[in-house]
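Here is the structure we will look at, set down as structure tokens.
None of the figures in this text is laboratory data; all of them are computed from the coordinates on show. Here the structure is a predicted model, which means the values were calculated and not measured. FYI the Cβ positions are ideal-geometry reconstructions off the backbone, even for glycines, and counts take in every protein chain you see.
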Amino acid sequence: MPQSMRESFRQETTRPTSFFIPDLCGVRQLFVLVLVTQLLAFVLTLAGMGGAMEFLPRLGLVSMYVQWVALVSAGMLCALRVSLSRCPVWLGTGIALCMVIGVSLAVSTAGWYLLVESTARTTLAQFTLRNLAITVIVAALALRYLYVVHHWSQQLEADTESRIAALQARMRPHFLFNSMNTIAALIRSQPEAAEQAVEDLSDLFRASLADHRERVALGEELRLCRLYARLEGLRLGSRLHMDWQFESLPDDVPVLPLCLQPLVENAIYHGVAQLPEGGTVEVGGELHRGRVRLYVRNPVPENGHRQRGHRIALENIRQRLVLTWGQQASLVLQHEDHVWHVELWFPQETVPAGNSRGSRE
């Protein structure tokens with residue numbers, strides 16, 4: 001087999017799988033499963049309760065049955081999840097449903113002979129068919145719910161990635177043209193500054209085309225922010241001042257890539273660049289009770305307003321935060337006294353960032 005084909009096959013076989021049934025091997029997932037299953041046992045017991053004295057004994061039997069079915073099914077789905085994820089959705093769903101039905105049949109039969117036969121008012125067939133009917137209905141509803149949630153999550157992720165791709169594809173023309181004009185003006189008078197500007201511009205475009213799903217070190221994100229500010233500083237001169245306040249935040253804190261640079265870009269383009277006298281852009285961060293706080297603050301014109309490009313960038317960052325950390329992350333906006341303030345909040349991660357070569361220069 002040619003080397004290129006071997007590499008392609010290796011990448012295909014090691015690619016992470018995506019399946020609508022969650023990974024039931026973790027402690028948290030098992031805890032939720034046991035809790036939901038026990039609630040189902042309460043409902044079934046209340047629905048078929050004949051008298052108050054029968055509640056606890058019946059609850060014990062029903063709980064034993066549903067917990068055994070749930071835990072054994074979870075173990076089988078955990079072991080076969082990778083194989084099921086390679087099947088079409090309809091086939092994987094059918095196999096999972098058949099597995100749950102098979103487990104229910106085995107548990108019902110064993111429970112009949114061990115616990116129910118001596119006191120039952122029904123036959124084995126009636127007992128088993130009733131349990132199987134309940135199992136099919138509950139399992140089908142649960143699988144449908146998991147599929148809808150997974151499909152919604154995929155749509156949200158795809159929409160966010162398309163927004164990222166759109167932002168990557170549309171680096172603001174005015175910034176590119178202004179940078180090229182600045183470089184052209186510096187070539188003769190300050191060739192070294194022009195060469196540095198070309199390198200900075202190249203690094204910014206390279207970062208905008210990178211994979212944005214992995215974390216990077218804070219130092220790397222700050223490096224891009226400084227590159228952008230340095231390029232705009234060539235054009236705005238003394239009108240632009242940058243105030244970096246990251247003394248209390250380590251360089252290796254994992255952050256989302258391009259979470260700060262677009263905010264710095266908005267602060268300069270929609271704020272300082274619109275003021276004849278210029279202004280100062282404050283960029284800072286800190287740790288607060290196990291959470292990371294990043295902020296950008298800048299002055300805006302008295303009659304300034306948010307333009308469409310500003311809204312797209314903010315909404316894109318907000319969605320990426322939610323997709324990564326859920327409700328633990330947030331983007332906060334404040335606008336008062338002609339000052340625009342943006343804050344990013346997200347949990348502090350102890351896992352090192354995927355790109356640890358960051359530096360604050």
**OP:** Provide the percentage of antiparallel DSSP beta bridges, counting only those with both residues in region 170-347; round to the nearest 5.
**Re:** 80
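I'd like to compare 30-41, 146-157, 337-348: which one has the highest average count of other Cβ atoms within 10 Å, and what's the full order after that? Numbers along the way, then the final one.
Details: 30-41: 14.9, 146-157: 12.8, 337-348: 16.8.
Descending mean neighbour count gives 337-348, 30-41, 146-157.
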Subject >> Residues V255, V62, V43, sorted so that the one with the fewest Cβ neighbours within 10 Å comes first >> reply: V43, V62, V255
Original post:
Cα centroids of region 57-95 and region 319-338: how far apart, whole angstrom?
Top reply: 38
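Using the per-residue mean of other Cβ atoms lying within 10 Å as a proxy for protection, in what order, highest first, do the peptides 64-71, 315-322, 221-228, 269-276 fall? Intermediate results must be reported in sequence, preceding the final value.
Numbers: 64-71: 20.2, 315-322: 18.6, 221-228: 22.9, 269-276: 17.1.
Top of the packing list down: 221-228, 64-71, 315-322, 269-276.
Region 57-136: Rg/Rh from Cα coordinates, Kirkwood Rh? Mind dumping the intermediate values first?
Details: Rg = 14.3 Å, Rh = 13.6 Å.
Taking Rg over the Kirkwood Rh, I get 1.06.
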Original post:
Per residue and in Å³, how big is the convex hull formed by the alpha-carbon atoms of region 170-347?
Top reply: 121
Subject >> Net charge dipole size for region 170-347 [Lys, Arg +1 and Asp, Glu -1 on Cβ; Debye, nearest 20] >> reply: 600
